[in-house]
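Right, one structure below, let's go through it.
The values are calculated or read from the model by the stated rules, or taken from the named source; none is laboratory data. As the structure is a computational prediction, the values presented were derived from the model and not from experiment. Here the Cβ is made from the backbone with ideal geometry for all residues, glycine too, and neighbour counts use every protein chain on show. These area figures cover heavy atoms from the full protein model, side chains too; ligands, DNA and RNA do not enter into them. Shrake-Rupley method; radii C 1.70, N 1.55, O 1.52, S 1.80 Å.
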Amino acid sequence: MIYLDNAATSWPKPQGVVEEMRRVMTNLAGNPGRGSNRAAVGTAHLVYIVREQIAGFFNSGAPQRVIFTNNTTHAINQALFGILQPGDHVITTSLEHNAVVRPLKALTELGVSVTEIPVVPGEKFPFAEFKASFQKSTKLVVTLQASNVSGNLLPIHKIGELAREKGVLYLVDAAQTAGIYPIDVKKMAIDLLAFPGHKGLLGPQGTGGLIIGPNITLCPLIYGGTGSLSESDRQPDFLPDALESGTLNVVGISGLGMGLKYIRKYGIDNIRMREQEKCQQLIDGLQTVPEVRIYGGTNASEKAPIVAFNIGGHDSMIISYLLDKEFGVISRAGLHCAPRAHTVLGTIDQGLVRLSPSHFTTEIEIEQAIEAVRNVAKELVDR
Ligand SMILES: Cc1ncc(COP(=O)(O)O)c(C=O)c1O
(Lines give C-alpha, C1' and ligand atoms only; values in the text may rest on other atoms or scores of the structure.)
Protein backbone atom coordinates (compact mmCIF):
# COMPACT_ATOMS: atom_id res chain seq x y z
CA MET A 1 0.00 0.00 0.00
CA ILE A 2 1.18 3.53 -0.80
CA TYR A 3 -0.55 5.72 1.77
CA LEU A 4 -1.12 9.23 0.41
CA ASP A 5 -3.96 10.39 2.65
CA ASN A 6 -2.08 12.10 5.46
CA ALA A 7 -4.43 15.09 5.24
CA ALA A 8 -7.13 12.77 6.64
CA THR A 9 -4.89 11.28 9.31
CA SER A 10 -1.14 10.72 9.35
CA TRP A 11 0.32 7.27 8.90
CA PRO A 12 2.68 5.73 9.82
CA LYS A 13 3.24 7.27 13.22
CA PRO A 14 6.82 7.55 14.53
CA GLN A 15 7.87 4.39 16.36
CA GLY A 16 8.32 6.40 19.57
CA VAL A 17 4.62 7.31 19.54
CA VAL A 18 3.58 3.67 19.31
CA GLU A 19 6.04 2.63 22.02
CA GLU A 20 5.00 5.39 24.41
CA MET A 21 1.32 4.47 24.08
CA ARG A 22 2.16 0.84 24.74
CA ARG A 23 4.26 1.86 27.76
CA VAL A 24 1.45 3.98 29.20
CA MET A 25 -1.19 1.30 28.62
CA THR A 26 1.00 -1.36 30.15
CA ASN A 27 2.49 0.51 33.10
CA LEU A 28 0.27 3.41 34.09
CA ALA A 29 -2.91 2.85 36.02
CA GLY A 30 -5.10 5.66 37.29
CA ASN A 31 -7.41 8.38 36.06
CA PRO A 32 -6.00 11.94 36.18
CA GLY A 33 -7.68 14.17 38.76
CA ARG A 34 -9.71 11.28 40.14
CA GLY A 35 -8.32 11.02 43.65
CA SER A 36 -4.92 11.62 45.20
CA ASN A 37 -3.64 8.07 44.95
CA ARG A 38 -0.27 7.63 43.27
CA ALA A 39 -1.79 6.19 40.09
CA ALA A 40 -4.12 9.17 39.57
CA VAL A 41 -1.33 11.61 40.35
CA GLY A 42 1.03 9.82 37.94
CA THR A 43 -1.35 10.09 34.99
CA ALA A 44 -2.27 13.68 35.91
CA HIS A 45 1.44 14.50 35.76
CA LEU A 46 1.77 12.91 32.33
CA VAL A 47 -1.21 14.91 31.01
CA TYR A 48 0.20 18.13 32.48
CA ILE A 49 3.59 17.57 30.81
CA VAL A 50 1.94 17.19 27.40
CA ARG A 51 -0.22 20.28 28.06
CA GLU A 52 2.99 22.18 28.78
CA GLN A 53 4.62 20.81 25.63
CA ILE A 54 1.68 22.00 23.50
CA ALA A 55 1.69 25.46 25.10
CA GLY A 56 5.42 25.69 24.30
CA PHE A 57 4.99 24.37 20.76
CA PHE A 58 2.40 27.03 19.86
CA ASN A 59 3.87 29.69 22.18
CA SER A 60 0.54 30.15 23.90
CA GLY A 61 1.69 30.77 27.48
CA ALA A 62 -0.31 29.25 30.35
CA PRO A 63 -0.60 25.43 29.91
CA GLN A 64 -4.01 25.37 31.63
CA ARG A 65 -5.38 27.30 28.64
CA VAL A 66 -4.71 24.24 26.45
CA ILE A 67 -7.85 22.07 26.38
CA PHE A 68 -7.68 18.46 25.21
CA THR A 69 -10.43 17.42 22.79
CA ASN A 70 -11.20 14.34 20.71
CA ASN A 71 -10.32 16.02 17.41
CA THR A 72 -10.35 19.38 15.62
CA THR A 73 -14.12 19.28 15.11
CA HIS A 74 -14.70 19.01 18.84
CA ALA A 75 -12.32 21.93 19.47
CA ILE A 76 -14.04 24.13 16.86
CA ASN A 77 -17.48 23.32 18.26
CA GLN A 78 -16.29 24.15 21.78
CA ALA A 79 -14.97 27.50 20.56
CA LEU A 80 -18.02 28.46 18.46
CA PHE A 81 -20.74 27.36 20.88
CA GLY A 82 -18.66 28.63 23.78
CA ILE A 83 -18.46 32.20 22.48
CA LEU A 84 -21.39 32.98 20.23
CA GLN A 85 -24.73 34.21 21.50
CA PRO A 86 -27.91 35.13 19.61
CA GLY A 87 -27.39 38.52 17.95
CA ASP A 88 -23.64 37.99 17.40
CA HIS A 89 -22.11 38.21 13.93
CA VAL A 90 -19.30 35.98 12.58
CA ILE A 91 -17.05 36.36 9.54
CA THR A 92 -15.77 33.24 7.79
CA THR A 93 -14.68 32.10 4.31
CA SER A 94 -15.92 29.88 1.52
CA LEU A 95 -13.02 27.45 2.02
CA GLU A 96 -14.12 26.14 5.40
CA HIS A 97 -14.54 22.50 6.37
CA ASN A 98 -17.94 21.27 7.58
CA ALA A 99 -16.37 21.29 11.06
CA VAL A 100 -16.93 25.07 10.84
CA VAL A 101 -19.80 25.28 8.33
CA ARG A 102 -22.21 22.98 10.18
CA PRO A 103 -21.89 24.42 13.70
CA LEU A 104 -22.22 27.90 12.18
CA LYS A 105 -25.36 26.76 10.36
CA ALA A 106 -26.77 25.42 13.63
CA LEU A 107 -25.87 28.71 15.33
CA THR A 108 -27.64 30.79 12.66
CA GLU A 109 -30.79 28.89 13.63
CA LEU A 110 -30.23 30.22 17.17
CA GLY A 111 -29.94 33.83 16.00
CA VAL A 112 -26.24 34.22 15.09
CA SER A 113 -25.54 35.84 11.69
CA VAL A 114 -22.69 34.82 9.39
CA THR A 115 -20.87 36.56 6.53
CA GLU A 116 -18.96 34.23 4.23
CA ILE A 117 -16.09 35.86 2.30
CA PRO A 118 -15.68 34.18 -1.11
CA VAL A 119 -12.09 32.96 -1.38
CA VAL A 120 -10.75 31.22 -4.49
CA PRO A 121 -7.93 28.75 -3.71
CA GLY A 122 -4.66 30.10 -5.07
CA GLU A 123 -5.98 33.64 -5.60
CA LYS A 124 -5.34 36.67 -3.37
CA PHE A 125 -7.38 36.95 -0.18
CA PRO A 126 -10.05 39.64 -0.76
CA PHE A 127 -9.02 42.00 2.06
CA ALA A 128 -11.27 44.86 0.90
CA GLU A 129 -14.34 42.64 1.15
CA PHE A 130 -13.13 41.21 4.46
CA LYS A 131 -12.62 44.68 5.99
CA ALA A 132 -16.02 45.83 4.74
CA SER A 133 -17.78 42.86 6.34
CA PHE A 134 -17.18 43.91 9.97
CA GLN A 135 -20.30 45.03 11.81
CA LYS A 136 -20.92 46.43 15.27
CA SER A 137 -22.09 42.99 16.38
CA THR A 138 -19.10 41.08 14.93
CA LYS A 139 -17.74 38.90 17.70
CA LEU A 140 -15.56 36.42 15.85
CA VAL A 141 -13.59 35.71 12.68
CA VAL A 142 -13.05 32.02 11.94
CA THR A 143 -10.88 30.69 9.12
CA LEU A 144 -8.75 27.71 8.35
CA GLN A 145 -5.02 28.20 7.76
CA ALA A 146 -4.80 25.85 4.78
CA SER A 147 -7.53 24.40 2.59
CA ASN A 148 -7.90 20.66 3.03
CA VAL A 149 -9.09 20.48 -0.58
CA SER A 150 -6.21 22.19 -2.39
CA GLY A 151 -3.59 23.00 0.29
CA ASN A 152 -3.70 26.75 -0.42
CA LEU A 153 -2.82 28.93 2.57
CA LEU A 154 -4.70 31.93 3.91
CA PRO A 155 -2.73 34.97 5.18
CA ILE A 156 -3.77 34.28 8.78
CA HIS A 157 -1.21 36.67 10.25
CA LYS A 158 -2.78 39.64 8.46
CA ILE A 159 -6.35 38.42 9.04
CA GLY A 160 -5.54 38.13 12.77
CA GLU A 161 -4.07 41.64 12.91
CA LEU A 162 -7.12 43.15 11.21
CA ALA A 163 -9.50 41.28 13.53
CA ARG A 164 -7.52 42.50 16.54
CA GLU A 165 -7.62 46.11 15.29
CA LYS A 166 -11.40 45.79 15.21
CA GLY A 167 -11.50 44.23 18.69
CA VAL A 168 -12.85 40.95 17.27
CA LEU A 169 -11.66 37.47 18.31
CA TYR A 170 -9.90 35.21 15.78
CA LEU A 171 -10.35 31.42 15.74
CA VAL A 172 -7.96 29.49 13.48
CA ASP A 173 -8.64 25.95 12.25
CA ALA A 174 -5.12 24.52 11.98
CA ALA A 175 -6.23 21.02 10.93
CA GLN A 176 -3.90 20.99 7.91
CA THR A 177 -1.00 23.01 9.28
CA ALA A 178 -0.33 22.12 12.95
CA GLY A 179 3.01 20.28 12.98
CA ILE A 180 3.75 21.34 9.39
CA TYR A 181 3.92 25.15 9.55
CA PRO A 182 5.22 26.87 12.71
CA ILE A 183 2.33 28.56 14.54
CA ASP A 184 2.98 31.20 17.19
CA VAL A 185 -0.39 32.23 18.56
CA LYS A 186 1.01 35.34 20.24
CA LYS A 187 2.89 36.67 17.21
CA MET A 188 0.08 35.75 14.82
CA ALA A 189 -2.74 37.43 16.80
CA ILE A 190 -4.64 34.16 17.16
CA ASP A 191 -7.12 34.14 20.04
CA LEU A 192 -8.29 30.55 19.67
CA LEU A 193 -6.45 27.72 17.91
CA ALA A 194 -8.17 24.42 17.10
CA PHE A 195 -5.76 21.61 16.17
CA PRO A 196 -5.80 17.87 15.54
CA GLY A 197 -3.41 15.56 17.36
CA HIS A 198 -3.74 12.85 14.70
CA LYS A 199 -2.54 14.62 11.56
CA GLY A 200 0.64 16.74 11.38
CA LEU A 201 1.36 16.38 15.10
CA LEU A 202 1.76 12.63 14.50
CA GLY A 203 -0.29 11.51 17.50
CA PRO A 204 -3.11 8.95 17.45
CA GLN A 205 -6.71 9.39 16.36
CA GLY A 206 -9.01 10.60 19.14
CA THR A 207 -6.69 13.48 20.06
CA GLY A 208 -6.82 17.21 19.41
CA GLY A 209 -7.07 20.43 21.31
CA LEU A 210 -8.12 24.01 21.66
CA ILE A 211 -5.84 26.83 22.79
CA ILE A 212 -7.70 29.66 24.48
CA GLY A 213 -6.12 33.10 24.64
CA PRO A 214 -5.91 35.16 27.85
CA ASN A 215 -9.07 36.85 29.13
CA ILE A 216 -11.37 34.69 26.98
CA THR A 217 -14.12 32.78 28.76
CA LEU A 218 -16.00 30.03 26.97
CA CYS A 219 -19.23 28.35 28.04
CA PRO A 220 -18.68 24.60 28.26
CA LEU A 221 -19.90 22.34 25.49
CA ILE A 222 -20.02 19.38 27.87
CA TYR A 223 -20.80 19.43 31.58
CA GLY A 224 -19.85 16.72 34.07
CA GLY A 225 -17.21 15.21 36.30
CA THR A 226 -13.83 16.86 36.42
CA GLY A 227 -12.46 15.39 39.65
CA SER A 228 -12.45 18.92 41.10
CA LEU A 229 -15.10 20.67 43.28
CA SER A 230 -17.11 17.45 43.45
CA GLU A 231 -19.31 18.87 46.21
CA SER A 232 -20.77 21.44 43.79
CA ASP A 233 -23.43 20.74 41.19
CA ARG A 234 -22.02 23.59 39.13
CA GLN A 235 -19.26 23.21 36.55
CA PRO A 236 -15.91 24.56 37.81
CA ASP A 237 -15.14 27.95 36.27
CA PHE A 238 -11.37 27.49 36.06
CA LEU A 239 -9.37 26.02 33.18
CA PRO A 240 -8.79 23.37 32.04
CA ASP A 241 -11.46 21.72 34.23
CA ALA A 242 -14.27 24.02 33.03
CA LEU A 243 -13.98 22.58 29.51
CA GLU A 244 -12.67 19.05 30.15
CA SER A 245 -15.45 16.96 31.65
CA GLY A 246 -15.15 13.18 31.69
CA THR A 247 -12.13 10.90 31.54
CA LEU A 248 -9.36 12.09 29.24
CA ASN A 249 -7.74 10.00 26.51
CA VAL A 250 -4.54 9.57 28.53
CA VAL A 251 -3.03 6.94 26.24
CA GLY A 252 -3.73 9.11 23.19
CA ILE A 253 -2.38 12.21 24.91
CA SER A 254 0.84 10.33 25.76
CA GLY A 255 1.20 9.45 22.06
CA LEU A 256 0.55 13.07 21.09
CA GLY A 257 3.30 14.16 23.48
CA MET A 258 5.73 11.79 21.74
CA GLY A 259 4.61 13.13 18.35
CA LEU A 260 5.53 16.63 19.50
CA LYS A 261 8.92 15.44 20.77
CA TYR A 262 9.57 13.77 17.44
CA ILE A 263 8.71 16.96 15.53
CA ARG A 264 11.00 19.04 17.74
CA LYS A 265 13.86 16.60 17.16
CA TYR A 266 13.34 16.14 13.42
CA GLY A 267 12.53 19.83 12.87
CA ILE A 268 9.19 21.19 11.64
CA ASP A 269 10.91 22.93 8.71
CA ASN A 270 12.59 19.67 7.68
CA ILE A 271 9.28 17.84 7.84
CA ARG A 272 7.50 20.49 5.75
CA MET A 273 10.33 20.71 3.21
CA ARG A 274 10.38 16.94 2.72
CA GLU A 275 6.62 16.87 2.27
CA GLN A 276 6.66 19.79 -0.15
CA GLU A 277 9.45 18.11 -2.14
CA LYS A 278 7.25 15.03 -2.49
CA CYS A 279 4.30 17.20 -3.52
CA GLN A 280 6.44 18.97 -6.14
CA GLN A 281 7.60 15.60 -7.47
CA LEU A 282 3.94 14.56 -7.68
CA ILE A 283 2.86 17.78 -9.40
CA ASP A 284 5.73 17.63 -11.92
CA GLY A 285 4.95 13.99 -12.68
CA LEU A 286 1.19 14.47 -12.94
CA GLN A 287 1.70 17.38 -15.33
CA THR A 288 3.17 14.90 -17.84
CA VAL A 289 -0.16 13.05 -17.96
CA PRO A 290 -2.16 14.94 -20.62
CA GLU A 291 -5.63 14.29 -19.16
CA VAL A 292 -4.68 15.47 -15.65
CA ARG A 293 -5.73 18.87 -14.34
CA ILE A 294 -4.15 20.12 -11.10
CA TYR A 295 -6.03 22.51 -8.83
CA GLY A 296 -4.77 25.23 -6.50
CA GLY A 297 -1.47 26.02 -8.25
CA THR A 298 1.65 24.04 -9.11
CA ASN A 299 4.16 25.48 -6.65
CA ALA A 300 4.24 23.04 -3.74
CA SER A 301 6.39 25.32 -1.57
CA GLU A 302 3.49 27.78 -1.27
CA LYS A 303 1.00 25.24 0.07
CA ALA A 304 0.25 22.67 2.72
CA PRO A 305 1.34 19.22 1.49
CA ILE A 306 -1.73 18.47 -0.62
CA VAL A 307 -2.02 17.84 -4.36
CA ALA A 308 -5.51 17.95 -5.87
CA PHE A 309 -6.26 16.76 -9.37
CA ASN A 310 -8.80 15.27 -11.75
CA ILE A 311 -8.58 13.20 -14.90
CA GLY A 312 -10.69 14.79 -17.64
CA GLY A 313 -14.32 14.92 -16.57
CA HIS A 314 -14.23 11.56 -14.77
CA ASP A 315 -15.80 11.11 -11.35
CA SER A 316 -13.07 11.53 -8.73
CA MET A 317 -14.53 8.59 -6.77
CA ILE A 318 -13.85 6.24 -9.68
CA ILE A 319 -10.30 7.52 -10.10
CA SER A 320 -9.59 7.04 -6.40
CA TYR A 321 -11.21 3.60 -6.40
CA LEU A 322 -9.06 2.43 -9.34
CA LEU A 323 -5.88 3.86 -7.80
CA ASP A 324 -6.54 1.81 -4.68
CA LYS A 325 -7.88 -1.37 -6.24
CA GLU A 326 -5.38 -1.73 -9.07
CA PHE A 327 -2.27 -0.02 -7.69
CA GLY A 328 -2.63 0.10 -3.90
CA VAL A 329 -2.42 3.93 -3.92
CA ILE A 330 -4.54 5.44 -1.14
CA SER A 331 -6.05 8.82 -2.04
CA ARG A 332 -9.16 10.70 -0.98
CA ALA A 333 -11.87 11.58 -3.48
CA GLY A 334 -15.15 13.48 -3.38
CA LEU A 335 -15.82 16.74 -1.58
CA HIS A 336 -13.56 16.29 1.47
CA CYS A 337 -16.25 17.70 3.82
CA ALA A 338 -15.71 21.13 2.24
CA PRO A 339 -18.47 21.55 -0.37
CA ARG A 340 -18.13 25.33 -0.61
CA ALA A 341 -14.48 25.09 -1.66
CA HIS A 342 -15.61 22.80 -4.47
CA THR A 343 -18.30 25.24 -5.52
CA VAL A 344 -15.63 27.93 -5.86
CA LEU A 345 -13.32 25.56 -7.77
CA GLY A 346 -16.13 24.36 -10.05
CA THR A 347 -15.74 20.74 -8.90
CA ILE A 348 -18.92 20.31 -6.89
CA ASP A 349 -20.23 17.57 -9.23
CA GLN A 350 -16.97 15.79 -10.02
CA GLY A 351 -15.17 16.21 -6.70
CA LEU A 352 -11.36 16.00 -6.68
CA VAL A 353 -8.72 13.40 -6.01
CA ARG A 354 -6.45 14.48 -3.18
CA LEU A 355 -2.97 13.09 -2.58
CA SER A 356 -1.20 14.05 0.65
CA PRO A 357 2.24 12.55 1.31
CA SER A 358 4.03 12.55 4.65
CA HIS A 359 7.72 13.07 5.30
CA PHE A 360 7.98 9.27 5.53
CA THR A 361 6.81 8.89 1.91
CA THR A 362 9.66 7.86 -0.39
CA GLU A 363 10.55 9.13 -3.89
CA ILE A 364 9.93 5.64 -5.23
CA GLU A 365 6.41 5.61 -3.78
CA ILE A 366 5.72 8.94 -5.46
CA GLU A 367 7.05 7.63 -8.79
CA GLN A 368 4.78 4.60 -8.44
CA ALA A 369 1.80 6.83 -7.62
CA ILE A 370 2.44 8.95 -10.74
CA GLU A 371 2.63 5.82 -12.89
CA ALA A 372 -0.59 4.59 -11.30
CA VAL A 373 -2.36 7.84 -12.25
CA ARG A 374 -0.96 7.55 -15.78
CA ASN A 375 -2.36 4.02 -16.09
CA VAL A 376 -5.75 4.96 -14.62
CA ALA A 377 -5.95 7.90 -17.03
CA LYS A 378 -5.22 5.59 -19.96
CA GLU A 379 -7.78 3.08 -18.77
CA LEU A 380 -10.47 5.75 -18.37
CA VAL A 381 -9.72 7.36 -21.74
CA ASP A 382 -9.75 3.95 -23.51
CA ARG A 383 -13.13 2.98 -22.00
C1 LIG B 1 -9.55 22.07 7.44
C2 LIG B 1 -10.11 21.01 8.34
N3 LIG B 1 -10.82 21.37 9.41
C4 LIG B 1 -11.33 20.48 10.27
C5 LIG B 1 -11.14 19.13 10.07
C6 LIG B 1 -11.70 18.15 11.05
O7 LIG B 1 -10.64 17.53 11.71
P8 LIG B 1 -10.88 16.31 12.71
O9 LIG B 1 -11.05 15.11 11.86
O10 LIG B 1 -9.64 16.27 13.54
O11 LIG B 1 -12.09 16.61 13.49
C12 LIG B 1 -10.40 18.69 8.97
C13 LIG B 1 -10.20 17.26 8.71
O14 LIG B 1 -9.67 16.84 7.75
C15 LIG B 1 -9.87 19.66 8.09
O16 LIG B 1 -9.13 19.31 7.03
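Considering only beta bridges that DSSP places wholly inside the chain, some 50 percent are antiparallel.
Dipole magnitude for the chain: computed about the Cα centre from +1 point charges on Lys and Arg Cβ and -1 point charges on Asp and Glu Cβ, it is near 720 debye.
Ordering MET188, ASN98, ALA79 by the projection of their Cα atoms onto the charge dipole of segment 63-198, which places +1 on the Cβ of Lys and Arg and -1 on the Cβ of Asp and Glu, puts MET188 at the extreme positive end.
Just name one of LEU352, GLY200, LEU239: the one whose Cα is farthest towards the positive end of the charge dipole of the chain (beta-carbon charges, Lys/Arg +1, Asp/Glu -1). So the residue we want is LEU239.
Placing +1 on the Cβ of every Lys and Arg and -1 on the Cβ of every Asp and Glu, with no other charges, gives segment 219-374 a dipole of roughly 200 debye about its Cα centre. Partners of LYS186 within straight-line reach, counting aspartates and glutamates whose Cα lies under 14 Å from its Cα and excluding those fewer than 8 residues away in the same chain: GLU161.
When the solvent-accessible area of the chain is split by element, carbon and sulfur atoms take up 53 percent of it, the probe being 1.4 Å.
The residues packed around GLN64, meaning those with a beta-carbon under 15 Å from its beta-carbon, carry a net charge of -2 if Lys and Arg are +1 and Asp and Glu are -1.
Highest mean packing comes first when the peptides 161-171, 134-144 are listed by Cβ atoms within 10 Å, giving 134-144, 161-171. For the chain, averaging the sequence separation of C-alpha pairs within contact (under 8 Å, six or more residues apart) and dividing by the residue count gives a relative contact order of 22 percent. Placing unit charges on C-beta atoms (Lys and Arg positive, Asp and Glu negative, everything else neutral), compute the dipole magnitude of segment 18-103 about its Cα centre in debye, rounded to 20. Approximately 340 debye in magnitude. Protection proxy ranking of 229-238, 351-360, by the mean of other Cβ atoms within 10 Å over each peptide's residues and highest first, is 351-360, 229-238. Could you pull out every one of the lysines with an alpha carbon less than 21 Å from that of LYS261, ignoring same-chain neighbours closer than 8 positions? Cα-Cα hits under 21 Å: LYS13, LYS199. Net charge in the neighbourhood of PRO32 (other residues with Cβ under 13 Å of its Cβ; Lys, Arg +1, Asp, Glu -1) is +1. Between segment 319-378 and segment 70-113, what is the C-alpha centre distance in whole Å? So the separation of the two Cα centres works out to 29 Å.
Only helices enter this figure: runs of n ≥ 4 DSSP H residues, each worth -39500 (n - 2.57), summed and divided by the residues of the chain, yield -12000 deg cm²/dmol at 222 nm to the nearest 500. Entry comment: accessible area of the chain is 43 Å² per residue, from protein heavy atoms only and a probe of 1.4 Å.
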